[in-house]
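The values are calculated or read from the model by the stated rules, or taken from the named source; none is laboratory data. All of these numbers come straight from a predicted model, not from anything done at the bench. Here the Cβ is made from the backbone with ideal geometry for all residues, glycine too, and neighbour counts use every protein chain on show. All accessible areas refer to the heavy atoms of the entire protein, side chains included, with ligands and DNA or RNA removed. Shrake-Rupley method; radii C 1.70, N 1.55, O 1.52, S 1.80 Å.
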Amino acid sequence: TQLLEQSPQFLSIQEGENLTVYCNSSSVFSSLQWYRQEPGEGPVLLVTVVTGGEVKKLKRLTFQFGDARKDSSLHITAAQTGDTGLYLCAGGGVYNTDKLIFGTGTRLQVFP
Amino acid sequence: NAGVTQTPKFRILKIGQSMTLQCTQDMNHNYMYWYRQDPGMGLKLIYYSVGAGITDKGEVPNGYNVSRSTTEDFPLRLELAAPSQTSVYFCASSRIKGDSPLHFGNGTRLTVT
């Protein structure tokens, strides 16, 4: 059973387009993190959200935590080739544990 | 500042062989983790440690063992390699409690044939 489902699984777009990646669960999380992973490297943290309804912006990236803390979204405005990578969401505090549960991942390819 | 260092980067094993994946961190983090990542998938937790001398199983511990004799090092041992263990292995650490942001190494790509 996959606790965190991400959609879409793959996304191929051109530079300048906008996109949204979704991270959904039936479980409540105390925090939600987003990571980006490039080929041959480990994931790197982009942002952590902890409050239901919270919105955080990181340049062209906007992250939102759902009001019920069960889901999150990542919106990228005017995508660039440098945004290419695997995007992973990770939820913390589920089942009163202190471990992170990772989502299934969204692979983004941005073409020039 | 090295962060989390994993060795080796690549390894090919024959079925039944053993090996140890090394992981060391220089950030004085208490929490350390081992994940595996299969092609196109997210990360699955193998084992984790909340401090020196303490380890616990994650989601997929079968076929692996760990030890944590120091704060810095958290090696992962494969005793009898199987093709199902072909994967990319990531070590990670975190400073505070277990669901705080993780710092990852660059991974070890293991192939078992």
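Points to keep in mind about this one:
- Residue count for region A:1-23, restricted to those that are part of a strand (DSSP E or B), open to solvent by less than 70 Å² (accessible area, probe 1.4 Å) and more than 10 Å from chain B (Cβ to nearest Cβ): 7.
- Reported count of residues in region A:52-83, each being hydroxyl-bearing (Ser, Thr, Tyr) and buried (at least 17 other Cβ atoms within 10 Å of the Cβ), is 2.
- B:Leu80 vs. criteria more than 13 Å from chain A (Cβ to nearest Cβ), over 15 Å from the mean Cα position of the chain (by Cα) and surrounded by 14 or more Cβ atoms within 10 Å (Cβ to Cβ): no
- Qualifying position, being farther than 13 Å from A:Ser25 by Cα and open to solvent by less than 10 Å² (accessible area, probe 1.4 Å), among A:Val49, A:Val44: A:Val49
- Single unsatisfied condition, B:Asn106 versus (1) open to solvent by less than 60 Å² (accessible area, probe 1.4 Å); (2) closer than 24 Å to A:Leu4 by Cα: (1)
Yes or no, residue by residue, for (1) away from chain B (no Cβ under 14 Å); (2) outside any loop (DSSP other than H, G, I, E, B); (3) small (Gly, Ala, Ser):
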| site | (1), (2), (3) |
| --- | --- |
| A:Phe63 | no, yes, no |
| A:Ser73 | yes, yes, yes |
| A:Ala79 | yes, no, yes |
| A:Leu86 | no, yes, no |
| A:Cys89 | no, yes, no |
| A:Thr104 | no, no, no |
| A:Leu108 | no, yes, no |
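- Among the residues making up region B:71-95, those that are in contact (Cβ under 8 Å) with a residue 60 or more places away in the chain and either assigned to a loop (DSSP other than H, G, I, E, B) or under 16 Å from B:Gly3 (Cα atoms) (or both) are B:Glu79, B:Leu80, B:Ala81, B:Ala82, B:Phe90, B:Cys91, B:Ala92, B:Ser93, B:Ser94, B:Arg95.
- Top-ranked residue in region B:26-56 [being within 18 Å of A:Leu3 (Cα to Cα) and free of Cβ contacts under 8 Å to residues at least 12 places away in the same chain; ranked as surrounded by the fewest Cβ atoms within 10 Å (Cβ to Cβ)]: B:Gly40
- Hey, A:Ser30 within 14 Å of chain B (Cβ to nearest Cβ), crowded, with 17+ Cβ neighbours inside 10 Å, in contact with a helix residue (DSSP H, G or I) (Cβ under 9 Å, 6 or more places away or on another chain) and among the hydroxyl-bearing types (Ser, Thr, Tyr) or not: no
- Selection within region A:33-49 - in contact with a strand residue (DSSP E or B) (Cβ under 6 Å, 6 or more places away or on another chain), more than 8 Å from chain B (Cβ to nearest Cβ) and either among the hydrophobic types (A, V, I, L, M, F, W, C) or part of a loop (DSSP other than H, G, I, E, B) (or both): A:Trp34, A:Glu38, A:Leu46, A:Val47, A:Val49
- For region B:62-112, residues that are at pLDDT below 95 and either among the basic types (Lys, Arg) or in contact with a Pro (Cβ under 8 Å, 6 or more places away or on another chain) (or both) total 4.
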